[in-house]
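Where a number appears in this text, it was derived from the coordinates with a stated rule and is not lab data. Keep in mind it's a predicted model, so treat the numbers as computed, not measured. Counting neighbours? That spans all protein chains shown, and the Cβs are built from the backbone with ideal geometry, glycine included.
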Amino acid sequence: MKKIILFFILLVTSVWTEAQTTTEITLLPKEKWWGGFTALGYMMPYQPSKRTFNLRTENFNNQSTPVLISNQGRFITATKPFAYQFTDDKLIITSSEKIGVEKQGNTLRSAYKGAFQLKLGSELTPPELFFTHPQYNTWIELTYNQNERDVLAYAQAIVDNAMPTGIIMIDDNWQKDYGVWQFSADKFPTPKAMIAKLHEMGFKVMLWVCPFVSADSEQYRFLKRKGYLIKKKGSQNPAIISWWNGYSACYDLSNPEAFAYLVNELKMLQKEYGVDGFKFDAGDPQFYSDDVIEVFDKQSYDVLQTQLWAKLGMEFAYNEFRACWQMGNLPLVQRLGDKSYSWGGVARLIPDMIAAGLNGYAYTCPDMIGGGEYRSFENIDPDKFDQKLIVRSCQIHAMMPMMQFSVAPWRILSKENLDICIKFAKWHEQLGEYIVGEAIKAAKTGDPIVRSMEYAFPHQGFEDCKDQYMLGDTYLVAPIITASDTRSVRLPKGVWQDDQGKRYKGGKTYTITAGLERLPYFVKVR
């Protein structure tokens with residue numbers, strides 16, 4: 001693993017201060033493009049627009065990578081972030097390095113293989129438990145009131161409702177201060193015993209962490225003396241950075257001593273309490289602009305600091321990231337950025353998961369069931385929850401590489417609808433061996449686990465399809481993503497059999513109706 005980390009450290013080591021040049025690439029007839037940002041999957045394939053996307057200054061709350069690929073076998077790769085825009089007939093790229101178009105084959109799949117060929121052949125995947133069992137995150141239920149009593153109650157409810165146990169993630173505000181990774185004594189009086197109890201119940205335990213440090217903590221003063229914090233530009237004092245939880249200092253991970261110190265802090269936490277791993281939040285590139293900060297190595301700004309945060313996570317088998325840069329095909333668990341509790345949020349799960357795969361991030365979880373944007377759940381009468389939305393979201397998760405609950409289905413669903421969610425959690429568990437097999441293939445070949453229809457069945461008219469996908473080689477999944485129980489499904493050539501045993505001739509579009517208890521999927525029989 002250390003050799004792989006060193007390879008990526010050597011791969012990207014330049015500052016972004018070189019002169020920018022613009023390259024115009026003429027689009028081919030019927031050519032469509034994907035890539036760049038995971039969170040723009042719903043906009044892919046890209047359409048002509050006046051908007052310019054900048055990989056250096058944006059990440060849209062999710063992963064990114066300097067790669068664009070087309071369904072005509074063409075691809076663009078870079079080592080540094082670039083800006084890009086699609087017009088009616090051109091792709092315009094502005095970059096500090098020479099950009100050219102390469103070609104391999106004439107499909108989206110061949111373009112993807114060409115773009116990521118340097119990152120293939122790994123044998124490393126995240127632990128199997130991520131793929132075989134559900135994850136449970138305490139965020140939506142507890143938000144900033146993480147506490148021992150309610151965490152144990154949440155876990156006990158999972159067991160009492162006969163849901164499969166798996167990984168439980170204790171989210172933000174379990175700690176004394178940001179950067180002080182010790183349990184808050186008033187909220188967690190016996191944390192070691194709590195984690196032992198969670199293990200006894202069948203869970204692995206992960207804790208939320210971030211690279212920020214509370215500026216009024218004793219730890220801040222220690223890290224300042226050691227020179228482990230990012231500095232304000234033109235000053236020897238730490239920069240105080242605005243982020244969603246206020247204003248904080250931040251670890252400078254370009255300083256090898258700071259990097260090693262934080263790794264050791266987290267490993268000591270594991271040793272002291274029995275913690276299995278960490279949810280690595282934040283790390284977004286917009287916090288690290290060289291306009292306002294200075295870093296130890298004088299070059300790791302913007303996305304490079306994001307990348308260092310992910311490299312730190314490589315030290316821990318149980319990890320999860322939302323922001324990432326260029327770390328595809330490595331054993332890092334990714335999650336889609338927070339989606340709203342809405343049908344619009346549900347509809348974005350498939351295209352964004354497809355985009356994650358095409359950016360090289362195969363080991364991705366589609367956010368949290370029902371949405372991870374906690375404000376969407378505020379001030380909602382529990383009796384007025386859109387139960388159908390929660391169930392349909394759960395169904396999509398069930399046939400994804402990973403599924404993650406947060407809002408408690410036993411609290412907001414009727415017994416009938418809760419039973420449906422439990423059924424699909426167990427269906428995901430039954431698919432576990434298959435999904436693990438696809439994860440191993442992804443490590444070796446680079447093929448995404450969640451694949452666009454165009455990737456799997458090139459030039460059959462699927463280039464604009466955003467509401468169905470392939471889960472590995474076998475399952476064509478066509479979930480219900482609206483309040484209606486009816487949708488259209490376009491099947492590739494061949495003969496297909498659905499989840500109820502009915503056969504269809506491929507190369508056609510069908511209208512199907514699926515009650516709330518059903519998740520439509522198809523398997524090719526010949």
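Most tightly packed first, judged by the mean number of other beta-carbon atoms within 10 Å of their residues, the peptides 319-325, 102-108 read 319-325, 102-108. Here region 107-164 and region 31-93 have alpha carbon centers that stand 27 Å from each other. For Arg518, what charge total do you get from the other residues with a beta carbon under 10 Å from its beta carbon, if Lys and Arg give +1 and Asp and Glu give -1? Computed value for this residue: -4. Note on Asp216/Val292: beta-carbon distance plugged into 1/(1 + (r/R0)^6) with R0 of 25 Å gives a FRET efficiency of 0.75.
Cross-link reach is defined here as a Cα-Cα straight distance under 14 Å, omitting same-chain residues fewer than 8 places apart; for Lys187 the aspartates and glutamates meeting it are Glu148, Asp150, Asp171, Asp172, Asp177.
The calculated FRET efficiency for Glu272 paired with Trp427, based on their beta-carbon distance and R0 = 30 Å, is about 0.20. Which lysines does Lys493 reach when only Cα atoms under 30 Å apart count, and residues fewer than 8 places away in its own chain are ignored? Here the lysines satisfying the reach criterion relative to Lys493 are Lys30, Lys32, Lys103, Lys113, Lys441, Lys444, Lys466, Lys502, Lys505, Lys508, Lys524. Remark: the Asp464-Ser49 segment gains 147.7 nm on full extension, using 0.36 nm per residue and subtracting the alpha carbon distance. Candidates (i) 35, 32, 19; (ii) 37, 27, 21; (iii) 50, 28, 20; which is the computed semi-axes √(5λ) of the Cα gyration tensor in Å? Read-out from the structure maps to (i). Screening the chain for DSSP H helices whose Cα atoms reach 20 Å or more along their own axis and whose mean Kyte hydropathy is at least 0.0 gives 343-358.
Below 8 Å, C-alpha to C-alpha, sequence gap of six or more: please give me the relative contact order for region 452-524 in percent. After rounding, I find 29 percent. Counting only aspartates and glutamates at least 8 places from Lys232 when in the same chain, those with an alpha carbon closer than 18 Å to its own are Asp216, Asp252, Asp284, Asp290, Asp291, Glu294, Asp297, Asp302.
Charge tally around Cys394: other residues with Cβ under 11 Å, Lys/Arg +1 each, Asp/Glu -1 each, net +3. Only DSSP H runs of four or more residues enter the estimate; each adds -39500 (n - 2.57), and after division by the residues of the chain the mean residue ellipticity at 222 nm equals -8500 deg cm²/dmol. Considering only beta bridges that DSSP places wholly inside the chain, some 70 percent are antiparallel. In percent, rounded to a whole number, the relative contact order of the chain is 15, using alpha-carbon pairs under 8 Å and six or more apart.
Could you tell me which of rounded, prolate or oblate describes region 15-119, using a ≥ b ≥ c as the square roots of the eigenvalues of the alpha-carbon gyration tensor, with rounded for a/c under 1.5 and, failing that, prolate when a/b is larger than b/c and oblate otherwise? Verdict is rounded for region 15-119.
Label-to-label distance for Ser484 and Gln156 is 4.6 nm, based on points extended 7 Å past Cα in the beta-carbon direction.
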